[in-house]
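Here's the structure, in structure tokens; my notes come after.
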Amino acid sequence: MTVMEQRGAYRPTPPPAWQPRTDPAPLLPDAEPYRVLGTEAAGKADPGLLRRLYAELVRGRRYNTQATALTKQGRLAVYPSSTGQEACEIAAALVLEERDWLFPSYRDTLAVLTRGLDPVSALTLLRGDWHTGYDPREHRIAPLCTPLATQLPHAVGLAHAARLKGDDVVALAMVGDGGTSEGDFHEALNFAAVWRAPVVFLVQNNGFAISVPLDRQTAAPSLAHKAVGYGMPGRLVDGNDVAAMHEVLGEAVARAREGGGPTLVEAITYRMEAHTNADDATRYRHDDEVAAWRDHDPVLLLERELVERGLLDDDTRRRASEDAEAMAADLRERMNKDPLLDPMDLFTHVYAEQTSQLREQAAQLRAELEAAAEEAEAAESAKGETR
């Protein structure tokens with residue numbers, strides 16, 4: 001007698017009717033990127049908010065051009081310009097409350113600037129002067145993250161911890177389309193959805209991961225569609241429409257704050273300049289493609305809307321331009337001063353308790369600095385004796 005023939009033994013039965021764990025329909029993004037400017041929805045937008053967004057866009061554009069100029073003058077080691085993507089970064093910063101956290105990538109200097117960070121501090125890391133140019137806890141801004149997508153799990157962890165503690169905090173994490181190809185992206189979205197963490201993921205899809213076009217990274221209908229696989233809503237939005245960005249991100253933050261869980265927002269935008277000042281974008285894209293996107297410039301789109309509604313006069317333009325120029329002039333002046341740096345700071349704020357290797361390296365550097373100082377003092381003394 002076999003096991004299956006024994007009385008009361010297990011016998012396979014047809015599986016029960018299968019049902020999806022989550023209804024995918026409400027999670028799917030729109031078929032086309034959501035827009036406000038140039039549509040009927042623009043008439044409902046707050047005029048005061050639109051003027052504020054315009055001033056920030058003008059300032060952000062000027063910051064990009066000034067920082068790029070500083071790289072050519074040797075005052076900045078590298079600068080990944082966000083020209084063309086300003087609407088994404090400015091909207092991301094403005095939808096957050098002071099108690100919330102921003103997790104930027106290396107290109108998101110305008111987001112940290114709009115959140116209130118000092119313009120020079122935003123460039124300190126890119127200048128090579130410090131681990132980062134600010135105290136993340138003071139400003140609730142994580143360090144500008146150069147490794148792709150590693151800031152995303154950090155954002156999820158912070159948001160989940162805040163929820164466990166009962167703190168009313170939302171984390172907004174920014175990443176480029178290239179970062180969605182990293183394992184950290186998958187891990188972050190999966191944990192966030194399972195834990196229903198109050199976090200918003202903003203993907204700035206500018207078409208290229210340095211030189212790799214999006215169609216070589218994914219075959220998904222859109223990056224926003226990836227949200228459905230994790231059990232969170234995906235939103236597809238025109239990333240150059242600052243009013244649409246502000247609305248969609250604001251809704252996602254509000255949803256997270258109310259306990260609705262995470263949202264993935266894909267912003268369709270375009271990087272007008274090279275990846276960094278060390279890149280030659282002409283090797284992988286054509287001038288006619290760039291020209292087409294210039295007609296969809298985020299500053300130009302908002303200007304057209306404001307003029308059409310009678311909300312932008314010469315005085316408003318002049319004030320925005322003058323404020324941006326004053327910021328750029330102050331940035332130039334301060335960046336042209338050589339900072340006073342302590343080489344021993346290399347070992348500060350790396351670990352809470354230094355490892356034995358770091359202690360050994362710090363001692364070696366200290367000895368070399370002391371020896372160099374003694375040699376310089378002896379040389380100066382010898383000069384004095386020969387006079």
Hey, can you grab everything whose amide H is under 5 Å from the amide H of residue 38? Only 5+ residues off in sequence or another chain; H modelled, so Pro and N-termini drop out.
none
Heavy-atom accessible area of residue 215 with all protein chains present, probe 1.4 Å, nearest 10 Å²?
120 Å²
Taking Lys and Arg as +1 and Asp and Glu as -1, residues besides residue 140 with C-beta under 11 Å from its C-beta add up to -2
Using alpha carbons only, how many angstrom separate the centre of the range 248-323 from the centre of the range 110-126?
18 Å
Per residue of the chain, what 222 nm ellipticity follows from adding -39500 (n - 2.57) for every DSSP H run with n ≥ 4, rounded to the nearest 500?
-14000 deg cm²/dmol
Straight-line reach from residue 44: which lysines fall under 29 Å, measuring Cα to Cα and dropping same-chain residues less than 8 apart?
none
From largest accessible area down, sort 355, 22; use a 1.4 Å probe on the protein chains.
22, 355
Top positive-direction residue, dipole computed over the range 75-164 with Cβ charges, set 84, 142, 116:
142
Taking the Cα centre of the chain as the origin, how large is its charge dipole in debye, to the nearest 20, when only Lys and Arg (+1) and Asp and Glu (-1) carry charge on their Cβ atoms?
1020 debye
Amide H proximity to residue 260 below 5 Å, modelled H, separation 5+ or other chain, gives none
Accessible area per residue of the chain at 1.4 Å probe, in Å²?
52 Å²
Can you quote the Å³ per residue value for the convex hull of the Cα atoms in the range 291-381, rounded to an integer?
239 Å³
Accessible area, probe 1.4 Å, largest first, for residues 101, 293
293, 101
³J(HN,Hα) computed for each position of the range 34-48 - Karplus, 6.51 cos²θ - 1.76 cosθ + 1.60, integer Hz, glycine/proline x
5, 10, 10, 4, x, 10, 4, 5, 5, x, 8, 6, 5, x, x
For the range 347-387 and the range 145-171, what is the separation of their C-alpha centers, rounded to whole Å?
39 Å
By accessible area with a 1.4 Å probe, ligands and nucleic acids excluded, highest first: order of 226, 72:
72, 226
Taking Cα atoms only, helix 183-195 is inclined relative to the longest principal axis of the chain by an angle, in degrees rounded to 10, of 60 degrees
For the range 169-252, alpha-carbon Rg relative to the globular expectation (2.2 N^0.38 Å, N residues)
1.07
Just one of [x] 20.4; [y] 23.4; [z] 21.5 is Kirkwood radius over Cα pairs in Å as worked out from the coordinates here. Which one is it?
[y]
The ³J(HN,Hα) series, computed from each phi in the range 352-361 with the Karplus coefficients 6.51, -1.76 and 1.60 at θ = phi - 60°, rounded to the nearest Hz and given as x for glycine or proline, is 4, 10, 4, 6, 5, 5, 5, 4, 5, 5
DSSP beta bridges in the chain: the antiparallel percent, rounded to 5, is 10 percent
Qualifying aspartates and glutamates (Cα of each under 16 Å from Cα of residue 226; at least 8 residues distant if same chain)
23, 30, 32, 177, 182, 184, 187, 215, 266
Sequence-distant residues sharing a close amide H with residue 145 (under 5 Å, placed H):
105, 106
Which of the lysines could a cross-linker bridge to residue 72, judged by Cα under 26 Å and excluding same-chain residues fewer than eight apart?
337
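The values are calculated or read from the model by the stated rules, or taken from the named source; none is laboratory data. Bear in mind that the values here come from a model prediction, so they are computed numbers and not experimental data. Cβ coordinates were reconstructed from backbone atoms using ideal geometry, including for glycine residues, and neighbour counts include every protein chain displayed. Heavy atoms of the whole protein, side chains included, go into the accessibility calculation; ligands, DNA and RNA do not. Shrake-Rupley method; radii C 1.70, N 1.55, O 1.52, S 1.80 Å.
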